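To start, the structure itself, in structure tokens.
The values are calculated or read from the model by the stated rules, or taken from the named source; none is laboratory data. Note that the structure is a prediction, hence the values are computed from the model and not measured. FYI the Cβ positions are ideal-geometry reconstructions off the backbone, even for glycines, and counts take in every protein chain you see. The accessibility values were calculated without ligands, DNA or RNA, using every heavy atom of the protein model including side chains. Shrake-Rupley method; radii C 1.70, N 1.55, O 1.52, S 1.80 Å.
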Amino acid sequence: MGIASKYNKQGNKFDYVIPEDSNHVFVKASELFETIPDNNDGIVVRAMYINNKGKYGAHGVLVCSEPAILIDCPNHMTDTIRDIMNDDEAVKQINAGKLAVKAYKYDTKNAASGFAYGLEFIDID
């Protein structure tokens, strides 16, 4: 593969398309953790994209169908989301329902509350 074809990608295509009459709602990692605190098995990721119109710049969004949610990813995950979208094997695995995500809580001195929330990817066998 030449360098031009390698870097001219616009991201791979996901099979899942959000229905027009969708009831998908945006959630943050904190809301996901509060809604499903014992989410060790995670929530299956059906697709992902980069939102370039966010208040704080570009950031990743994970699309899930059950529950019908759009997970607003922390900014530090944006490059990872781009990498996944440009990885043929990763896209195949997502289309096959083999990737999940779970929220977790961690201590930090940078947040006023003393803790923050993150997202972790999980492989599904």
Under a crude label model (7 Å from the Cα following the beta-carbon direction), how far is I122 from D87 in nanometres?
1.8
Roughly how many percent of the accessible protein surface of the chain is carbon and sulfur, given a 1.4 Å probe and a whole-percent answer?
48
So what is the calculated 222 nm ellipticity per residue for the chain, using -39500 (n - 2.57) for each DSSP H run with n of 4 or more, over all residues, to the nearest 500 deg cm²/dmol?
-5500 deg cm²/dmol
Solvent-accessible area per residue for segment 31-73 (1.4 angstrom probe, square angstrom):
53
State the number of lysine pairs found in the chain whose Cα atoms come within less than 25 Å, restricting to pairs 8 or more positions apart or on distinct chains.
21
